[in-house]
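The values are calculated or read from the model by the stated rules, or taken from the named source; none is laboratory data. Not measured: the values here are computed from a predicted model. Counting neighbours? That spans all protein chains shown, and the Cβs are built from the backbone with ideal geometry, glycine included.
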Amino acid sequence: MSNLAILGGEVVRKVPFHTSAVIDNDEWEMVKEVMERKEFSRFMGSPSADIQRYLEMSSVDAESLLGQYYTFLGGRMVRRFEAAFARKFGVKYAVSVNSATSGLSAALGAIRAGPGDEVITTCMSFNATATSILVFNSIPVFVDIDRKNFCMDPVEVERAITPRTRAILVVHLLGNTADMDAIMDIAKRRGLSVIEDCSQSPGTRYRGRLVGNIGDIGVFSFQETKNMQTGEGGMAITNDPVLAKRMRLIRNHGESICDDAWDEASLENIIGMNYRMNELTAALGVAQIGKLDENNAVRSENARFLSSELGQIRELKVPMYEEGTVPHLYPLIYDEAIAGVERAKILAALRAEGIPVGSGYLRLMYENPLFLKKVGYGRNHCPWSCHLYGQERYYRRGDCPVGEELLYKTFIWFYHIHRPNTIEDMRDVVRAFKKVFANLSLLRESSINTTIGYKW
Ligand SMILES: Cc1ncc(COP(=O)(O)O)c(C=O)c1O
């Protein structure tokens with residue numbers, strides 16, 4: 001008789017892991033403040049005499065700006081959150097938005113990526129990284145990742161550069177840092193802008209520097225599975241007043257405040273988006289930024305504990321975190337050749353033990369039909385067919401072999417390393433992994449249902 005749950009044995013983890021947002025007293029207090037004030041947005045979309053001054057005002061200065069009135073820069077809580085974020089990340093400008101998806105496209109708009117331009121990005125990320133490039137009609141170019149950090153490989157970036165390359169959109173995936181020294185060096189030599197997608201890495205440091213603060217613009221997500229949670233929401237940070245101004249315009253129907261004196265270059269990409277954050281979201285953000293370090297410390301402690309324990313399993317390679325890395329979730333590399341058991345059986349066995357594990361993203365970004373068939377805008381294969389691009393770009397399975405191997409053969413992701421899950425919860429993860437890996441021969445011999453799902 002086996003003791004594996006998938007073969008009828010006792011389940012290791014009998015209660016679900018904590019999955020919902022952590023709400024403390026400070027979130028309630030901040031939200032109450034907005035409710036009592038009854039100001040839910042306060043973004044003004046029309047010009048004022050001082051608009052140019054406002055557009056380039058630092059986030060800290062803007063915090064106290066005409067507190068009680070509508071402003072082009074948003075309501076009181078939005079500006080308070082932006083100022084707190086700017087202080088925390090040591091930048092002049094923090095531009096809040098309603099998602100990182102919006103923030104990434106505002107950032108690409110601000111660097112003036114447009115039709116005919118190529119933007120190099122990683123093959124492995126959430127789809128928004130790639131689709132944000134399409135918003136202003138640029139062409140995504142996907143490069144393979146480095147096995148050591150699952151982020152874009154600088155050698156591949158250099159290889160992908162063409163005369164049409166405009167920017168590099170780097171993702172710090174799962175809280176790991178991309179090789180920013182090499183990427184910034186390439187960007188400098190080739191005259192390219194760098195946007196950092198820090199959706200999964202707020203608080204992570206690269207050689208002592210907070211990510212988001214290294215390239216031209218850094219973008220963060222506060223969607224519910226992220227390290228900072230406001231339901232939905234995002235932030236774009238920069239030290240460049242022109243980029244900040246352009247992002248503020250893109251966020252808030254910028255075209256409506258431009259007048260005849262604006263030259264063509266400054267009108268470029270300033271079209272009517274509404275990427276604005278509301279006051280209730282910002283209230284949650286003010287509370288969340290105040291305890292980012294505390295919450296990140298829980299992720300770090302839990303992930304490092306898992307590595308110290310699961311590192312003993314021969315068939316697994318565990319993440320060895322550098323100092324400064326804040327893990328977003330916990331990725332393992334499974335070696336099927338040593339284990340002699342297909343990964344799907346391992347995942348099913350772990351899920352049956354009550355451990356929510358996955359194999360990473362469903363597919364790499366370029367494997368989406370959107371890219372394989374190049375159907376985005378309308379019927380005519382825009383922006384790939386745009387005469388300003390004037391060349392062919394194909395996306396094919398097999399383009400990024402490292403990324404494909406990780407997703408389809410070796411990744412095992414465990415999600416719930418966040419607060420309020422504790423080391424005690426992690427002990428169940430360890431127990432379940434050890435149990436499953438001690439019983440590989442049973443899994444090898446049995447035919448089991450590998451489609452077993454898990455409760456989120
Ligand atoms: C790497 C990355 N980029 C962008 C996004 C998009 O974030 P949002 O949901 O805030 O638009 C996500 C969210 O899943 C992400 O993980």
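Observations on the model:
- Subset of segment 271-301 (residues that are modelled with pLDDT under 95 and either within 30 Å of ILE423 (Cα to Cα) or surrounded by fewer than 20 Cβ atoms within 10 Å (Cβ to Cβ) (or both)): ILE271, GLY272
- Test: residue in segment 336-350 that is within 25 Å of the chain's Cα centre (by Cα), outside the structural domain of ARG147 (by TED's automatic domain parsing) and not in a helix (DSSP H, G or I): no
- Answer residue from segment 101-121, given it is over 22 Å from SER58 (Cβ atoms) and either near the ligand (Cβ under 9 Å from one of its atoms) or among the charged types (D, E, K, R) (or both) and is surrounded by the most Cβ atoms within 10 Å (Cβ to Cβ) among those: LEU104
- Qualifying positions in segment 122-154 - within 18 Å of the chain's Cα centre (by Cα), assigned to a loop (DSSP other than H, G, I, E, B) and of a type in the set (A, V, I, L, M, F, W, C): CYS123, MET124, PHE126, PHE150, CYS151
- Given (1) surrounded by fewer than 17 Cβ atoms within 10 Å (Cβ to Cβ); (2) touching a residue at least 12 places away in the same chain (Cβ under 8 Å), index of the condition PRO383 fails: (1)
- The lone exception for ALA244 - which of (1) of a type outside the set (Phe, Trp, Tyr); (2) out of contact with any helix residue (DSSP H, G or I) (no Cβ under 7 Å at 6 or more places or on another chain); (3) modelled with pLDDT under 95 it fails: (3)
- Among residues that are touching a residue at least 24 places away in the same chain (Cβ under 8 Å), touching a strand residue (DSSP E or B) at 6+ places or on another chain (Cβ under 8 Å) and not in a loop (DSSP other than H, G, I, E, B), VAL430 is not included.
- Subset of segment 87-100 [in contact with a helix residue (DSSP H, G or I) (Cβ under 6 Å, 6 or more places away or on another chain) and surrounded by 24 or more Cβ atoms within 10 Å (Cβ to Cβ)]: TYR93, ALA94, VAL95, SER96, VAL97
- Residue that is farthest from the ligand (Cβ to nearest atom) [pool: residues in segment 73-100 that are part of a helix (DSSP H, G or I) and more than 18 Å from VAL34 (Cβ to Cβ)]: ARG87
- Candidates LEU388, LEU370, LEU364: the one that is in contact with a Lys or Arg (Cβ under 9 Å, 6 or more places away or on another chain), aliphatic (A, V, I, L, M) and closer than 30 Å to THR165 by Cα is LEU364.
- Within the span defined as segment 386-397, every residue fails to be outside any loop (DSSP other than H, G, I, E, B), of a type outside the set (Ser, Thr, Tyr) and not assigned by TED's automatic domain parsing to the domain that holds LYS148.
- Residues of segment 8-66 satisfying the condition of being assigned to a loop (DSSP other than H, G, I, E, B), in contact with a strand residue (DSSP E or B) (Cβ under 7 Å, 6 or more places away or on another chain) and modelled with pLDDT of 95 or more: SER58
- Residues of segment 307-324 that are assigned to a loop (DSSP other than H, G, I, E, B) and under 14 Å from PHE411 (Cβ atoms): GLU315, VAL318, PRO319.
- Filter result for THR230 (within 16 Å of THR325 (Cα to Cα) and either in contact with a Gly (Cβ under 6 Å, 6 or more places away or on another chain) or free of Cβ contacts under 8 Å to residues at least 24 places away in the same chain (or both)): no
- Residues in segment 229-246 that are surrounded by fewer than 24 Cβ atoms within 10 Å (Cβ to Cβ) and under 17 Å from ALA84 (Cα atoms) were compared, and the one that is farthest from the ligand (Cβ to nearest atom) is ASN239.
- Extreme residue, nearest to the ligand (Cβ to nearest atom), among residues of segment 155-203 that are more than 15 Å from the chain's Cα centre (by Cα) and assigned to a loop (DSSP other than H, G, I, E, B): ASP179
- In this structure, GLU268 does not satisfy being acidic (Asp, Glu), touching a residue at least 24 places away in the same chain (Cβ under 8 Å), within 16 Å of the ligand (Cβ to nearest atom) and surrounded by fewer than 24 Cβ atoms within 10 Å (Cβ to Cβ).
- Segment 204-218, subset within 23 Å of GLU158 (Cα to Cα) and in a strand (DSSP E or B), residue nearest to the ligand (Cβ to nearest atom): GLY218
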